[in-house]
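To start, the structure under review is shown below, and the notes come after it.
The values are calculated or read from the model by the stated rules, or taken from the named source; none is laboratory data. Every value quoted in this text rests on a predicted model; they were computed, and no experiment measured them. Every residue, glycine as well, gets a Cβ built from its backbone with ideal geometry; the counts of neighbours run over all protein chains shown. Accessible surface areas use protein heavy atoms only, side chains included; no ligands, DNA or RNA. Shrake-Rupley method; radii C 1.70, N 1.55, O 1.52, S 1.80 Å.
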Amino acid sequence: MSHNNTCSLNRRTLMTLLGAGSLGLGLHAHAQQKEKVLRLGFIGPSKTHKPASGSGWALAHGHLLRELAPFGYNDIATYEFPNGPDLNEAFLSGALDVGIYGDTPAVVARANGLAGKLIGFDNIGMNVWLLTPVDGVKSVKELEGQVVAVALGSYMHRYVIGLLKEAGIQKNTRVVYMLPRDGQNALEKKAVAAFAAPINTGPLIASKGFPVIDQAVDHPSLQGSSVIVASDKVLEQNPGLPQAWHRARLAAIRDIKRDTEAYYRFHADTVGFPLEAVKASYPLSQFPEEIYPSRGLQALEEVKSFLLGENLIRKDFPLKSWLVS
């Protein structure tokens with residue numbers, strides 16, 4: 001039996017599914033047919049309700065399922081979340097086996113006791129675009145006393161706080177919650193002085209004439225990473241899963257480097273963003289070929305230090321304790 005169902009989950013639908021005891025997948029029926037499904041969460045929006053990037057290519061082109069087949073997996077079910085905190089809720093409830101999401105919510109979850117391990121990075125060095133309304137402020141300093149919108153708890157949120165702190169205007173600038181899908185509308189209505197947009201969304205809004213007054217690439221320590229986290233439970237059942245995932249990703253990256261244009265078309269079709277926005281968001285330098293690249297681990301140390309310094313997490317933890325031996 002082919003299992004190609006996908007779900008887009010938020011807090012309400014997650015709790016509804018859990019309350020029904022089904023996760024919307026008909027697990028009892030699958031158990032009768034001895035199917036073993038890995039539950040993968042990722043951050044959307046996605047036109048296809050599937051992930052992109054290296055792991056997304058590995059999934060779409062069979063590398064991932066081939067590597068997981070020796071553990072008995074017949075299928076991979078994908079679950080789309082609007083942001084990292086929502087994905088963390090699913091992890092905490094036991095509704096996911098693996099999650100691919102931003103470094104900031106992942107570190108927050110680990111500091112708060114989420115039972116899981118970091119099994120790799122999908123992307124390192126993700127940009128943020130700080131956009132303003134047309135005829136809006138011209139510099140970061142001019143945001144003092146104004147309203148800046150961002151998805152709270154995200155890697156973009158960390159960028160905004162760090163940027164305002166660097167400019168010395170953090171205490172006098174209001175930061176409000178806004179999902180990426182609502183950013184352009186807020187800028188058009190001049191409801192906010194600036195909006196911090198993530199990959200894909202940032203270049204798309206900028207292409208429509210909204211000024212960019214700052215970017216995370218100009219502040220390397222404030223760039224983001226997309227990390228891959230597996231639950232302790234799935235790792236106990238499948239100790240070789242991190243290595244298998246890495247082999248699948250590595251095969252995907254080799255495909256991507258052989259035919260980069262094919263990859264970008266796949267990515268654009270998957271997420272539903274224009275090709276040029278995707279190319280601007282995902283330079284090949286973002287795709288690491290190691291499980292634990294030094295630049296990725298250093299970035300996580302910087303994330304952790306930043307969150308501790310801002311009292312956004314209260315408990316420190318040695319990064320080594322998050323890694324798989």
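If the condition is being part of a loop (DSSP other than H, G, I, E, B) and at positive phi, then segment 52-78 contributes Gly62, Gly72. Here Val278 clears all of (1) out of contact with any Gly (no Cβ under 9 Å at 6 or more places or on another chain); (2) under 24 Å from Glu67 (Cβ atoms); (3) β-branched (Val, Ile, Thr) except the condition numbered (2).
For segment 141-156, the set of residues classified as part of a helix (DSSP H, G or I) and in contact with a Pro (Cβ under 9 Å, 6 or more places away or on another chain) consists of Tyr155, Met156, listed by residue number.
When you look at Asn123, is it surrounded by fewer than 24 Cβ atoms within 10 Å (Cβ to Cβ) and among the polar types (S, T, N, Q), yes or no? The answer is no for Asn123. When each of Ala280, Ala230 is tested for being of a type outside the set (Lys, Arg), within 20 Å of Gly102 (Cβ to Cβ), open to solvent by 40 Å² or more (accessible area, probe 1.4 Å) and in contact with a helix residue (DSSP H, G or I) (Cβ under 7 Å, 6 or more places away or on another chain), the lone residue that passes is Ala280. Among the residues of segment 100-149, those that are over 24 Å from Ser294 (Cβ atoms) and of a type in the set (D, E, K, R) comprise Asp135, Lys138, Lys141, Glu142, Glu144.
Residues in segment 37-72 that are surrounded by fewer than 16 Cβ atoms within 10 Å (Cβ to Cβ) and modelled with pLDDT of 95 or more: His61, Gly62, Arg66, Ala69, Pro70, Phe71, Gly72. Checked against the criterion of being under 18 Å from Asn238 (Cα atoms) and assigned to a loop (DSSP other than H, G, I, E, B), the candidates Lys34, Lys117, Lys47 yield just one match: Lys34.
Scanning segment 229-254 for residues that are out of contact with any Lys or Arg (no Cβ under 8 Å at 6 or more places or on another chain) and β-branched (Val, Ile, Thr), we see that the one that is farthest from Tyr73 (Cα to Cα) is Ile253.
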